[in-house]
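The values are calculated or read from the model by the stated rules, or taken from the named source; none is laboratory data. Since this is a predicted model, take the numbers as computed values, not measurements. Backbone-built Cβ (ideal geometry, glycine too); neighbour counts: all protein chains shown. Quick note on the areas: whole protein, heavy atoms, side chains included, nothing else; ligands and nucleic acids left out. Shrake-Rupley method; radii C 1.70, N 1.55, O 1.52, S 1.80 Å.
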Amino acid sequence: MNPLDDKQVEKILGNLPVFERDKKAERIFFEKLHRMAVETKPAAAWFFWPRLRLAGSFVALFILAVGTVWAYQPSTTRGHFLYPWKQAAEKVELAFAFTSLQKVDAHLQFSDRRLKEAEYIVGNSTGNPALTSWLLPLALAHEEDIHLDSPQAVNLALTLGDMRSEISQASAIVEKSLTKTADASRALEKIELTADRHLEALVKIEKKAAPEVKKIVKKVADEVDEEVARVVEAREVVSEALVRKEENVKVQFARREEKKTEKKVEREENAQQEIQETIKLFQALPAKDKEVFAEKIEMALEALEAGKFGRAEGLSRALQNRIEQFPEKSRLDEQKEQEEKEEKARREKSFEEFREEKNPQQRPEPRPEVQPGEKRQERFKEVKPPEEKLPKVEGAEDDEDEEDDALDEDLEDVEDFELFDVEEVDDEVLKEKSIKPHPLPLFEPKDFKNFDDIDRMEKFKEQFKP
Amino acid sequence: MPHADALQEFTRYYEEHKKTIFNYLFYRVGFNRDTAEDLTSDVFLKAFQAFDSYDRNRSFKTWVFTIAHNHLVNFYAGRKNVLPLEEAIEVVKEIPISQTVEEKMLKEKILRLVSKLPATQRELVILRYVNDLSHHEIAQIVGKEEGAVRTALSRAVALLRDEYNIHFSHPNS
């Protein structure tokens, strides 16, 4: 062999073999490493665990907030891995809705979310294939007339079903829990607005949807329309209660099962039938009572023309109920009027008896009926006081003439005032004389100038005593 | 750093440098595989225990080699560093067969000569030529100046050359 120089030695050294570790030895190493990792604990620090827990809670809150925002996206639909998170977050939302009104709001919000998910499904042609494997038999078992053969169809059917269910739950809360008229009115208004909005959106979705899912959308739209009809009908009852200023009301949604027929009726046809029945009842009403319902019937017809069949149906049913109850109300009003008349007659009778008791001799004889144009003097001839001079009073001879004149003046005045019931004064007579009837019996002491006159008048009265 | 993340990071470092450390130890313990395996595992376990104090600005390679070097020193206390000839021959048998017999024989001889170098020079030679470390890295590992490392390596190479020429070469072959 030739001798080597430094470079050759370095070259040989650089090409020395390199070896791999044994696999078994490596496995043993990893076992030791893992054991060491488990046994090793973080170094103790000042308030380490409390700080760790606090930091952990902030991190957990942050993850929860971010995760919830992400989960609430419309793209998070059934089958998405974040969908259970979304459902859990909604349960928490509902738990924090303490009043019935808040619960209604929560359910309506959930139904809005389901609608957005449905719009996303239709627009993106998505559908989790995993859904199909276990949901498809379930879906087919329920949907007899709609063939669900794609993940999108299954997803859409379930999502729209959830949407409708949320609206129904909101209505159920109103029926069971809301007794205050104002609260019920507010809640029903919100439900109606939400359902109307959903109906409009479903119409748009149906236009964009693939043929196989159009049927699903149409079916759900019909169901939502029925819900609108029930809500509108209940609202009319609550509105009446508000007008009557009733504090509490019992909301009861109509159960229409008894009217179901084997043949399915289109929504429009159903609404038209209800309106026709309402109009029949309306036409049977007396003319004077029609004004009450005319406006509402116009509203129902306008809703029908606008395509809002649920609203038209609901208004019609509410009107039918009111019209059927209306004769009963009329009878009650008549009865009330009769009672008021009797009460009035009783009061008049009491007054007459009172007057009889007070001044029985002053009671005038029944007056003859007034003939048109007849002068008052002719009519009341019989009650005119005698024209002969008054009997002389002892001790009054000196002033007799003056007193007579004064008395004559008084008697002239008396002619203008008669002892009769105020209400029997003829209007024509009053107009002729421009006299207001005196409400009180005449010859009250205060009407005279002095006490002497009073005495004289008292004596004069005695002449007419029986 | 959370414990799980530290483990994951350390595992990545292990995969990257396990071969280098193993060969360093393998060459230093006279090609005793079992001993080398045990030592390699010990070195990495020690490194994991001290991983919290590892300065990320420093090269992991030099850091773990330092641990290996120190561990080896402790291991050598009370032991003789002898390369049994039989094991050296066994090592030679692991050389890829694409190489010629002459090359194999040449390497075998060099290996024998390396094993006879003084411990310090032997370590430098292995770190430089087997583990492919730079003079600077070697200086950090052994705790010496870079210039001293260069000088020592030159001397080691010269010694190997002289020993080879004396014992194995024939001027007229």
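Looking at (1) within 9 Å of chain B (Cβ to nearest Cβ); (2) in a loop (DSSP other than H, G, I, E, B); (3) modelled with pLDDT under 85, find the lone condition where residue A:36 falls short.
Unmet for residue A:36, out of (1) within 9 Å of chain B (Cβ to nearest Cβ); (2) in a loop (DSSP other than H, G, I, E, B); (3) modelled with pLDDT under 85: (2).
So is residue A:119 modelled with pLDDT of 80 or more, part of a helix (DSSP H, G or I) and farther than 24 Å from residue A:211 by Cα or not?
Working: modelled with pLDDT of 80 or more: yes; part of a helix (DSSP H, G or I): yes; farther than 24 Å from residue A:211 by Cα: no.
No; evaluated as a whole, the condition is false for this residue.
Of these, A:265, A:251, A:243, A:217, which one is surrounded by fewer than 17 Cβ atoms within 10 Å (Cβ to Cβ) and modelled with pLDDT of 80 or more?
Answer to the check: A:243.
Within the stretch A:74-92, track down each residue that is surrounded by 16 or more Cβ atoms within 10 Å (Cβ to Cβ) and outside any loop (DSSP other than H, G, I, E, B).
Those that are surrounded by 16 or more Cβ atoms within 10 Å (Cβ to Cβ) and outside any loop (DSSP other than H, G, I, E, B): A:85, A:86, A:89, A:90.
Keeping to the stretch A:1-33, report how many residues are part of a helix (DSSP H, G or I) and either farther than 13 Å from residue B:106 by Cα or not acidic (Asp, Glu) (or both).
19
Return the total of residues in the stretch B:4-32 being more than 14 Å from residue A:18 (Cβ to Cβ) and open to solvent by 60 Å² or more (accessible area, probe 1.4 Å).
Counting residues in the stretch B:4-32 that are more than 14 Å from residue A:18 (Cβ to Cβ) and open to solvent by 60 Å² or more (accessible area, probe 1.4 Å) gives 6.
What tally of residues in the stretch B:125-160 results from selecting those that are within 11 Å of another protein chain (Cβ to nearest Cβ) and open to solvent by less than 60 Å² (accessible area, probe 1.4 Å)?
Summing the residues that are within 11 Å of another protein chain (Cβ to nearest Cβ) and open to solvent by less than 60 Å² (accessible area, probe 1.4 Å) in the stretch B:125-160 gives 10.
Here's the yes/no breakdown for (1) more than 16 Å from residue A:32 (Cβ to Cβ); (2) more than 11 Å from chain A (Cβ to nearest Cβ):
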site	(1), (2)
B:10	no, no
B:24	yes, no
B:53	yes, no
B:56	yes, yes
B:60	yes, yes
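Anything in the stretch B:161-173 that is at the interface with another protein chain (Cβ under 8 Å from one of its Cβ atoms), free of Cβ contacts under 8 Å to residues at least 12 places away in the same chain, outside any helix (DSSP H, G or I) and open to solvent by 30 Å² or more (accessible area, probe 1.4 Å)? List them, or say none.
B:170, B:171, B:173, listed by residue number.
Just to be sure, is residue A:315 at pLDDT 85 or above and open to solvent by 60 Å² or more (accessible area, probe 1.4 Å)?
No, not satisfied.
I need the full set of residues from the stretch B:9-34 which are among the aromatic types (Phe, Trp, Tyr), part of a helix (DSSP H, G or I) and touching a residue at least 60 places away in the same chain (Cβ under 8 Å), in order please. Walk me through how you get there before you give the answer.
Pass one, the stretch B:9-34, residues among the aromatic types (Phe, Trp, Tyr): B:10, B:13-14, B:22, B:24, B:26-27, B:31.
Among the residues that remain, those that are also part of a helix (DSSP H, G or I) are: B:10, B:13-14, B:22, B:24, B:26-27.
B:24, B:27 - these are the residues of the stretch B:9-34 that are among the aromatic types (Phe, Trp, Tyr), part of a helix (DSSP H, G or I) and touching a residue at least 60 places away in the same chain (Cβ under 8 Å).
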